[in-house]
Amino acid sequence: MKNFLFILLNFFVLNFFAQEDPKAKTILDDLSKTTKAYKSITASVVRASYNKDKKQTEKQDWKIQLKGQKFRLEIPGNTIVCDGKTIWNHNKDAGEVTIKNFDPNNEDQNPSKIFTLYETGYKYKYDKEEKLGTIVCHVIDLYPTVKPEKKKFHTMKLYVDKIKKQVVQMKSLLKDGGMDVFEVKSFKPNAEIAETVFTFDTKNFKPDQITDERD
């Protein structure tokens, strides 16, 4: 769970001249406003990793469902479920479940933060307008300011649909020359999602398969 959100949410380098780019701020404010107005989000994302020679080393399909502070995330080998208070991480390969208290302000726990991460602790700069397929996008560079020297990334490039004001793609540029690309393949706002989606039943697991780290 932490690794997934770490990749999505922590893209790092200091850039002192980029903090108050008014054009970037307007676009990001519109993105945040639009996203916060959705009652729910159902999306599928393809994550592709590349080494410094631009060779693809990994490709994964991810699915996410969001509803307020609740979410369900399906990634290869793991299912992460949160009901707004408790978060369950089911490691399918190990047949184990880890349970923790949910902290909505923790970027490493809350995938909804991806849409508002720029609001605190980030600098940003408008890069350019670029077409991805048939979609015209604003490209904005984000530079976190909190302990960037400890991170694996130096820049996150955010591609925002110019018309729909939705995230289309994200690229995290690694300090070793590699790159992680997150492409939003489908995005459906305001879909009806049953509350049972955001709960996880541990009754079929043995006690030694469950690690409860709640306070």
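Just so it is clear, none of the values below were taken in a lab; they were calculated from the coordinates. What you see is a predicted model, and the numbers here were worked out from it, not measured in a lab. Glycine gets a Cβ as well: all are built from the backbone with ideal geometry, and neighbour counts include every protein chain shown.
Structural remarks
- Ordering of 158-169, 68-79, 30-41 by burial proxy (mean other Cβ atoms within 10 Å per residue, highest first): 158-169, 68-79, 30-41
- Taking other C-beta atoms within 10 Å as the exposure proxy, TYR143, TYR50 rank TYR50, TYR143 from fewest upward.
- ASP208/THR79 FRET efficiency (R0 25 Å; Cβ-Cβ; nearest 0.05): 0.80
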